[in-house]
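The values are calculated or read from the model by the stated rules, or taken from the named source; none is laboratory data. Bear in mind the structure is a predicted one, so any value in this text is a computation, not a measurement. We place every Cβ from the backbone using ideal geometry, glycine too, and count neighbours over all the protein chains shown.
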Number of protein chains: 2
Amino acid sequence: MSVVASRLLCARDLVQASTCGDQPWSSQRQESDTLTAQDSEFTCLSEVDLFADLSSEEKDSLHERVPERRFRRGELVFSQEEPVSALFVLQEGRVRIFRVAEDGKAFTLAILEPGAVFGEMLLVGQQMYDNYAEALEDSVVCQLSVSDVEQHLLTDPRIAVRIARLLGGQAARLEERLTDLALRPLAARVAKTLLTRNEPTTARSLGARLGQRPAIRITHEQLAGLLGATREATSKVLSEFAAQGLIRQVRGRITLLDHQRLNAIARTTA
Amino acid sequence: MSVVASRLLCARDLVQASTCGDQPWSSQRQESDTLTAQDSEFTCLSEVDLFADLSSEEKDSLHERVPERRFRRGELVFSQEEPVSALFVLQEGRVRIFRVAEDGKAFTLAILEPGAVFGEMLLVGQQMYDNYAEALEDSVVCQLSVSDVEQHLLTDPRIAVRIARLLGGQAARLEERLTDLALRPLAARVAKTLLTRNEPTTARSLGARLGQRPAIRITHEQLAGLLGATREATSKVLSEFAAQGLIRQVRGRITLLDHQRLNAIARTTA
DNA sequence: TCAAGTCTGCAATCCAGGACACATACGTTC
DNA sequence: GAACGTATGTGTCCTGGATTGCAGACTTGA
């Protein structure tokens, strides 16, 4: 049992990544183009249901004190050397939360899309986390400082409930993944992950909301890290899926063709 | 990769279990005897830090409306047929939370000791859980009904924060287990689990607090279920540990002898 | 337009644990 | 104290994935 090697090194020395060149969301854009043009411009706080209960004045006032930070692909948003000191909202780009074992192997806890909140453990005082967060592409995050959090969030009962809900949902999903990892073969986990990844969970997958499911943007390696499997094994499963017409693959993105059968595979046990 | 078979059947038809005969906590008793004699008599609410912020009057008032329920060893506290409809506090006995896959294999999410709160997902509205809860021995639980919860807990900001903390801690532990399952060999997981099980986490492991660590009360099979491994594989690891003088085993209980080396093994990766 | 890095495919080999099949021992019961 | 159920010890065989090594296709930056 083990996992993708993606040594930390990879994550580190990628401080080049041109700011121009690649438009990370380019393809998504193509597909959801007809929608609102400003869907990559949201204010950190709107659209994030953690703050849904705040009036717009409150949001504005909070928003003013929220610095925005940019990370280039490969950069670490936080790590052990630079522990979580704020609550983050991913505004643009994609971020991977992961852990690294002593031997360098990594396991991915989550791959976040815009609208996601992370660093939430800060909220509940749990600090002992050796989690890392890496920008998978050039990203923009807003960070609420600890004091912001304490003043505006923990004191507000409406938000406290939202936080509880957030963490509850998280725990639920973790329980699910844990039992899947324990009880299901790789193929099932692959299928399941693809299916959930395909759902519009985050705040702004506008295109998706219209049934216009875009391709899932993920590489075999990223998927493997999320599954606790090797890239090779994951690739094999995906190839088989493709051969059976369940999915279509194009370098870095996967389109689901047969939800039905994928679902069946996801429920597989032995 | 897979797991203990303990078909659900086992959990069901155990409706005999003598009420007299065995005193579940008998051995613990022996070891913490010198302490307070009423440590198995706590009021559901005191000692449970979820309610720590309530005044004793509040606790009393709440306590009156809290029915106590007894379950015999093997009985299900909740299941899919009888979904979670309340928030439970384990007062006496031990309860196992688990899930069952389509093929009958089970994975144990937690084994709870007195003072533990469960059914917490109810708190955050998440309902889609196919979790089961089974009494591992004759047990007593208090149950707060949904309306109790809504009136007294969700509305109270102090408690909302406690809930968030509870769920946060849970998520943290799940993340840990998930990455361990993905990255560490069985032996490491066994060692780690033993070590954490040995810590006094729950509200009342009074004996333990004095460094007087009692034996861990768990069978190989239960441990295996918790680890996502087979009973056989788990047994083998434990035998090796015993042979190396790391632990001592007596039918149904395990005593740790060499925390040092166990810790080293727990950090093992390949 | 070329070189370097990234992503995916493929195959051979290895091995931790799973699946089974028993055997023994302990404890509970009557 | 006989008998059954539960807990543990072992052994064999078998397989899903891990490991390793490499090759071809795409992308991207300069």
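Quick notes on this structure:
- When restricted to residues that are touching a residue at least 12 places away in the same chain (Cβ under 8 Å) and over 14 Å from A:Gln143 (Cα atoms), region A:102-120 contains 10.
- Of the residues A:Arg204, A:Arg165, A:Arg197, A:Arg251, the single one that is at pLDDT below 95 and within 11 Å of DNA strand C (Cβ to nearest atom) is A:Arg251.
- Taken over region B:232-262, the criterion of being of a type in the set (D, E, K, R) and loosely packed, with under 13 Cβ neighbours inside 10 Å is satisfied by B:Glu232, B:Arg251.
- Count of region A:121-148 residues which are within 13 Å of chain B (Cβ to nearest Cβ) and either in contact with a His (Cβ under 9 Å, 6 or more places away or on another chain) or surrounded by fewer than 20 Cβ atoms within 10 Å (Cβ to Cβ) (or both): 6
- Residues in region B:234-270 that are in contact (Cβ under 8 Å) with a residue 60 or more places away in the chain and either within 11 Å of DNA strand D (Cβ to nearest atom) or not β-branched (Val, Ile, Thr) (or both): B:Arg253, B:Ile254, B:Leu256, B:His259, B:Leu262, B:Asn263, B:Ala266, B:Arg267, B:Thr269, B:Ala270.
- Region A:101-120 - residue that is among the charged types (D, E, K, R) and either more than 8 Å from chain B (Cβ to nearest Cβ) or crowded, with 19+ Cβ neighbours inside 10 Å (or both) and, of those, nearest to B:Arg267 (Cα to Cα): A:Lys105
- Near pairs, Cβ below 8 angstrom, 6+ apart or cross-chain, from region A:72-95 (among the basic types (Lys, Arg)) to any residue that is away from DNA strand D (no atom under 16 Å from the Cβ) and part of a strand (DSSP E or B): A:Arg94/A:Ile111; A:Arg94/A:Leu112
- Of all residues in region B:240-270 being part of a helix (DSSP H, G or I) and in contact with a strand residue (DSSP E or B) (Cβ under 8 Å, 6 or more places away or on another chain), the one that is nearest to A:Gly104 (Cα to Cα): B:Leu262
- A:Arg96 being away from chain B (no Cβ under 12 Å) and within 30 Å of A:Arg261 (Cα to Cα): yes
- Residues that are within 11 Å of DNA strand C (Cβ to nearest atom) and touching a helix residue (DSSP H, G or I) at 6+ places or on another chain (Cβ under 8 Å), drawn from region A:254-270: A:Ile254, A:Thr269
- Residues being surrounded by fewer than 19 Cβ atoms within 10 Å (Cβ to Cβ) and either within 16 Å of A:Leu123 (Cα to Cα) or polar (S, T, N, Q) (or both) - total across region A:78-99: 4
- Scanning region A:224-233 for any residue that is more than 9 Å from DNA strand D (Cβ to nearest atom) and closer than 23 Å to A:Thr179 by Cα turns up at least one such residue.
- Test: residue in region B:173-186 that is at the interface with chain A (Cβ under 7 Å from one of its Cβ atoms), in contact with a Ser or Thr (Cβ under 7 Å, 6 or more places away or on another chain) and buried (at least 22 other Cβ atoms within 10 Å of the Cβ): yes
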